[in-house]
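Student: My structure is below; once you've seen it, I'll send some questions.
The values are calculated or read from the model by the stated rules, or taken from the named source; none is laboratory data. Everything numeric here is computed off the predicted structure, so don't read it as measured data. Reconstructed Cβ throughout: ideal geometry from the backbone, glycine too, with neighbour counts over all protein chains shown.
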Amino acid sequence: MQTKLLYLSDLKFNLDVWKRELRFHMAEMDEFEEKLEGIASRNLGVEAMAPLEGFQNKIIREREVIGRLIQRIRKKRNRLESVDMNENLDGRLRTQQGTLRDDMKTYIKLHYELKESMMDYFLQWL
């Protein structure tokens, strides 16, 4: 029983860390969007506006992805809360969490690629 509690606690910890990270990224996207709006208000021409619109679209898409990942984390956490404590530990819960982990890894990789591109853009136009 104690082993199962530790196991579930570890899985919940991962979910909590991912959720905090996603919330941070959402706030970061808000800040980036404000910077983009500031650049847009300067009327710097097509050279500045074309990538800006692309970044705005990517921010919208990223927010959608963040929302879906947070929803999946919530569902997973609810499943962990309702686990039968008499059930044997067979790795099923960890395996099910694996796909979410893989999706988080992919999301984080893509997020930092977008962030680097936006930072380069900001260095050029701010």
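Student: Which of (1) at pLDDT 95 or above; (2) farther than 19 Å from Asp120 by Cα; (3) exposed (fewer than 12 other Cβ atoms within 10 Å of the Cβ) is the odd one out, the single condition Leu5 does not satisfy?
Tutor: Just one mismatch for Leu5, condition (1).
Student: Is there a residue being surrounded by fewer than 14 Cβ atoms within 10 Å (Cβ to Cβ), modelled with pLDDT of 90 or more, within 16 Å of the chain's Cα centre (by Cα) and not polar (S, T, N, Q) anywhere in segment 70-78?
Tutor: Yes: segment 70-78 contains one or more residues that are surrounded by fewer than 14 Cβ atoms within 10 Å (Cβ to Cβ), modelled with pLDDT of 90 or more, within 16 Å of the chain's Cα centre (by Cα) and not polar (S, T, N, Q).
Student: Sort out which residues of segment 16-27 are of a type outside the set (A, V, I, L, M) and surrounded by 15 or more Cβ atoms within 10 Å (Cβ to Cβ), and write them in order of number.
Tutor: Listed by number, the residues that qualify are Trp18, Lys19, Glu21, His25.
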